[in-house]
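Visitor: Before I ask anything, let me first share the structure, which is written out below as structure tokens.
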Amino acid sequence: MNNKMFGYVRVSSKEQNIGRQIKEIQELGINERDIFIDKRSGKDFNRQQYQALKQCLREGDLLYIKSLDRFGRNYKEIMQEWNIITKEIRADIKVLDMDLLDTTKNKDLLGNFISDLVLQVLSFVAENERKNIKQRQAEGIAILKAKNGGKGIGRPAAQYPNNFKEVHDKWRAGDITAVVAMKELGLKKNTFYKLVRKYSEVDCK
């Protein structure tokens, strides 16, 4: 049986750079056609290229991932997909940023226990980080709405539409284009990107 090597790359939006992830995986000798790339949120595994990757994996194959948060950010689903690949398909996974997450090593009982424990901890951390980001975004919008609620002098500040977060997240995940997002929000181009910048600034604080 000729076992193959694959790479999986994910970024949350079309604007994010995938170059670093691809470069590291290609340096391992993986053919470009065997690198699957998704520009989608990591909140679940309903991603076109990831699902295509699973269809290609066979027993004994090896999947490389840059880091666990590029694999996913939902604790239960990370564990479920990891087990499907390693225990049902019986392929191996190597996480480049975490040596302990390498199923080609330490296949004895203790090694499996340590790997499973590390995977559970990191998966839990990844999910909590995603939840914290969403909470900070929601709190930031509430603060900005409160600040912009009073009447100011001169031109009034741009207001966040009630459905801004929902549409913004769809746009960031690549589900809709910026043009569609502007139409759904009823915003002009300049106003849309101004609110996006403010939203990002709040999230980064």
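Derivation of every value follows stated rules applied to the coordinates shown; laboratory data play no part. Just so it is clear, the structure is predicted and the values come from calculations on it, not from any experiment.
Visitor: Over all Cα pairs of region 24-74, how is the pair count split among 10 Å bins, expressed in % and running from 0 up to the last occupied bin?
Guide: That works out to 21, 57, 22, in percent per bin.
Visitor: Could you tell me which of the pairs Lys105/Lys170; Lys39/Lys183; Lys23/Lys170; Lys87/Lys165; Lys23/Lys188; Lys76/Lys183 are separated by over 32 angstrom between their Cα atoms in the structure shown?
Guide: Result: Lys105/Lys170; Lys87/Lys165; Lys23/Lys188; Lys76/Lys183 exceed 32 Å.
Visitor: Taking amide hydrogens as modeled 1.01 Å from N in the peptide plane, which residues meet the under 5 Å criterion relative to Phe6, leaving out close sequence neighbours?
Guide: Leu62, Leu63, Tyr64
Visitor: What value does region 1-108 have for Rg/Rh, both radii from Cα atoms and Rh as Kirkwood defines it?
Guide: Ratio of gyration radius to Kirkwood radius: 0.93.
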